[in-house]
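So the structure is just underneath, and the comments pick up after that.
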Amino acid sequence: MDRLREYLNVLKEIGLTGLADIAVMTLGIYVLLVAIKRTRRSGLILTGVLVVTLLYILALKLNLVMTVTLLQGFFTVFVVALVVIFQEDLRYFLERVGSWWFDRRRPGARNPAARLEHREVDILVRTVGDFARARTGALLVIRGHDVIARHLDGGEEVDGRLSEPLLKSIFDPHSIGHDGAVVIEANRIGKLGCHLPLSRNLEKLPGRGTRHAAALGLAELSDALCIVVSEERGTICVARGGEIRLLSDPSALGAVL
């Protein structure tokens, strides 16, 4: 009971304004941690900034005038540099906030990141399995919560219901759009013939082609799930969260989906 009174007294001292302040700072720290987790580069840069900040504090304590002056100049331009360095992470955060707000303002709107039903999973597993056996190259993107439109180059609008005949006609070697990616949102094919950003992480792409680099590239920038069928090897790979892995057989794709 005494402990409860202590907690209530602390809350009274903080007040609503203090609680709101804490909530905003907590959100800011959370966003910062998410940015660090998303990319190794962001983590390294923030570590470097932390080291420079500690060096500045140490220089102040030791009264190192030249060092303090130099670091003060660094912090003057740091805000601008921060926007340039973390523009991708800031854009990612703002897109997520905008998407969340837009979806909240549209009750009953179709969620493009809805879980795939058994029908869609069966279609994808069966079709991708046929592609692998026939060694037909294919690249399929299943959109998650993130907005991926700005990462797509070119492509044609389809907005057709997901089906095996439609996918096979798109990735027919004689089809114009077979070299690009197909974007799937819930149970519909949104676009075909899209070009994706290529990953530069060659360590994760040993002996793999452009489709794999494109799949990994989008997986590094969003939460989309990318499925790749190699026409040279007849293998199936999936990329998500900045990682790409080889599946043992088409049935394993069902578990992933």
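The numbers here are math on the coordinates, done by the rules we state, and not lab data. Given the structure is predicted, the values throughout are model-derived calculations rather than measurements. Counting neighbours? That spans all protein chains shown, and the Cβs are built from the backbone with ideal geometry, glycine included.
Miscellaneous remarks
- Amide H contacts under 5 Å for Arg188: Leu162, restricted to partners 5 or more places along the chain or on a different chain, H placed in the peptide plane at 1.01 Å from N.
- Applying the Karplus relation 6.51 cos²θ - 1.76 cosθ + 1.60 with θ = phi - 60° to segment 248-257 yields 3J(HN,Hα) values of 6, 7, x, 4, 5, 5, x, 5, 5, 5 Hz, where x marks Gly and Pro.
- Prolate/oblate/rounded call for segment 118-256, Cα gyration tensor, a/c under 1.5 rounded: rounded
- Difference of contour (0.36 nm per residue) and Cα-Cα distance, Ala255 to Leu64: 62.8 nm
- Since only Ala186, Val147, Pro206 are under comparison, the one whose Cα sits farthest along the positive direction of the charge dipole of segment 127-219, derived from C-beta charges on Lys, Arg, Asp and Glu, is Pro206.
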